[in-house]
Amino acid sequence: MCQARYPTVFTQHAPVLKPYLAHWNKRIDQMTHLFLSLALFLPLLAQAEERDIAYAEIAPVLTAASRKKSPLLDIKLNIEVLSETVALEQVKVWLIRDGEMVSQIPLNPKDGAIQLPTMTKKQAKQHSIRINQPKEMAHLNFAMTVLPPSSTHVEYRDLFSLVDDSNLFIKAMAGKMALFAPKVDALTFHFTEAATITIGADGNDLHFENGSDLTISIKQSPELMTENPMVIFSGIPAAIEPG
């Protein structure tokens, strides 16, 4: 601990000044203690603001995204800011390998979207993603969105591959609990008015009409996945829901 010495010029007045000097010694000790405490605290604070996400936790989802078949399935990986005190431009993301920074990952300034490479299990164990914000401020978010078709005529396989893609993602997200995860086997089409769906199944067209709930549910058919007929909507559905 810092120890103050009486200045030489004050030696002859030591009896008078001693109470005041003792007071300042105590103040110096307190300030020194405060300084040392801050010196220890600040690195911990800086460390707390950064966090690493093991790449092995996100690698299965990235692999599933790379294997999707339906053009109607949109997968977006982005940084979502959770606090009004943090602006998106303040968030920084890095790719880390064995504790060393490899590169900074650019963020889309509009929605925080990022691109991450797929990796093998062995590679994923060596890597992590570092974010310079605590999880209460910003986190890594996966969003899976089924896009409406751009036309009333869609190939069966492009449409019903959504079933396989959904199961692939459910399995990837569930991890060790995949055995207990729900399985998707159909698509539900939501309309805003009375509508029909026709599937040209090898000369035997299949017709479906929505009811009062304005929805039509159709199970995926392995035979039709192979045949790949045209699916014809009377109007483009407002939403498509795997289930």
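The table below lists the values:
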quantity	calculated
Residue match in segment 82-91 (condition: under 15 Å from the mean Cα position of the chain (by Cα), outside any strand (DSSP E or B) and under 30 Å from residue 151 (Cα atoms))	no
Close pairs (7 angstrom Cβ cut-off, 6 or more residues apart or separate chains): under 11 Å from residue 231 (Cβ atoms) and of a type in the set (A, V, I, L, M) in segment 180-204, part of a loop (DSSP other than H, G, I, E, B) and open to solvent by 30 Å² or more (accessible area, probe 1.4 Å) anywhere	199/205
Any chance residue 79 is under 15 Å from the mean Cα position of the chain (by Cα), surrounded by 15 or more Cβ atoms within 10 Å (Cβ to Cβ) and assigned to a strand (DSSP E or B)	yes
Test: residue 89 is in contact with a Pro (Cβ under 9 Å, 6 or more places away or on another chain), of a type in the set (D, E, K, R), open to solvent by 60 Å² or more (accessible area, probe 1.4 Å) and at pLDDT below 95	yes
Conditions (1) at pLDDT below 95; (2) of a type in the set (Gly, Ala, Ser); (3) under 31 Å from the mean Cα position of the chain (by Cα); number of the one not met by residue 239	(1)
Checking residue 157 against (1) modelled with pLDDT under 95; (2) within 30 Å of residue 224 (Cβ to Cβ), the condition it does not meet	(1)
Only listed residue being touching a strand residue (DSSP E or B) at 6+ places or on another chain (Cβ under 6 Å) and closer than 22 Å to residue 143 by Cβ, chosen from 162, 168, 206	162
Test for residue 119: is it within 26 Å of residue 164 (Cα to Cα) and open to solvent by 60 Å² or more (accessible area, probe 1.4 Å)	no
Selected residue (criterion: nearest to residue 164 (Cα to Cα)) from residues of segment 234-243 that are touching a residue at least 60 places away in the same chain (Cβ under 8 Å) and either open to solvent by less than 60 Å² (accessible area, probe 1.4 Å) or hydrophobic (A, V, I, L, M, F, W, C) (or both)	242
Residue list for segment 160-181, filter: out of contact with any Ser or Thr (no Cβ under 8 Å at 6 or more places or on another chain), small (Gly, Ala, Ser) and at pLDDT 90 or above	166
Subset of segment 131-181 that is charged (D, E, K, R) and over 15 Å from the mean Cα position of the chain (by Cα) - its residue that is surrounded by the fewest Cβ atoms within 10 Å (Cβ to Cβ)	176
Pairs where the first residue, in segment 219-233, is under 20 Å from residue 196 (Cβ atoms) and the second is surrounded by 13 or more Cβ atoms within 10 Å (Cβ to Cβ) and modelled with pLDDT under 95, C-beta under 6 Å, 6+ apart	229/200; 229/201; 230/200
In segment 182-210, residue most open to solvent (accessible area, probe 1.4 Å) [restricted to those that are more than 26 Å from residue 171 (Cα to Cα), modelled with pLDDT of 95 or more and among the small types (Gly, Ala, Ser)]	194
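The values are calculated or read from the model by the stated rules, or taken from the named source; none is laboratory data. Note that the structure is predicted; figures quoted are calculated from it, not measured. For neighbour counting, all protein chains shown are included, and Cβ atoms are generated from backbone atoms with ideal geometry for every residue, glycine included. Remember, those area values only see protein heavy atoms, side chains included, never the ligands or the DNA or RNA. Shrake-Rupley method; radii C 1.70, N 1.55, O 1.52, S 1.80 Å.
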